[in-house]
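What follows is a set of notes on a single structure, which appears directly below.
The values are calculated or read from the model by the stated rules, or taken from the named source; none is laboratory data. This one's a predicted model, so the numbers in the text were calculated from it and none came from an experiment. Using ideal geometry, Cβ is built from the backbone for each residue, glycine included, and neighbour counts are taken over all protein chains shown.
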Amino acid sequence: MGLDPGMSGGVAFLTFDGEVVGVYPMPETEHEAKDLIAEFAPRIAKAAIERLQPMQLTSKVTMFKLGRSYGFLRGILTVLQVPFDEVQPKAWQHGIGCIYPSKAKHSQRKAVNRQKAQQMFSRIPFRIDDKTADALLIAEHCRRTYR
């Protein structure tokens, strides 16, 4: 399972063989997030959640909301007894092979991630967007590094 916290993030579930079981934009409410993860929890061997990084260009309100989402998701995983690791953005991006232009802006990184996810998961029958691309790539990184 891969979790990209925040309202512009998503949740992705893969099998050990890398088949996509489900990909969802981050649910709008905490109850919906809990229900989604609980539905899959008995089958989750390992989850990875992207560790938040302080961003200079992000407002305090945005960082508070991200931190709240991040902590809530960690709590859901803990209560549902889903083993998880925090993963630094650079770790999963490097592990998956995302290569960015020097001094890439956030939107450029998102575009690279979306293209990489579309390339890796070209057989799924739905559109991969900015909300789901990172979650898919985080889940794939988790699958590759699962011990």
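Checking each residue in the range 107-132 for being in contact (Cβ under 8 Å) with a residue 40 or more places away in the chain, assigned to a helix (DSSP H, G or I) and either in contact with an Asp or Glu (Cβ under 9 Å, 6 or more places away or on another chain) or surrounded by fewer than 17 Cβ atoms within 10 Å (Cβ to Cβ) (or both) picks out K131, T132.
Considering only residues of the range 124-146 that are more than 21 Å from K46 (Cα to Cα) and not basic (K, R), which is farthest from the chain's Cα centre (by Cα)? In this case the residue turns out to be P125. Only one entry in K46, K65 is among the basic types (K, R) and in contact (Cβ under 8 Å) with a residue 60 or more places away in the chain, namely K46. Only residues that are assigned to a helix (DSSP H, G or I), surrounded by 16 or more Cβ atoms within 10 Å (Cβ to Cβ) and out of contact with any Gly (no Cβ under 9 Å at 6 or more places or on another chain) were counted across the range 75-100, and they come to 7. Scanning the range 42-74 for residues that are assigned to a loop (DSSP other than H, G, I, E, B), at pLDDT below 90, within 16 Å of the chain's Cα centre (by Cα) and surrounded by 12 or more Cβ atoms within 10 Å (Cβ to Cβ) gives a single hit, L52.
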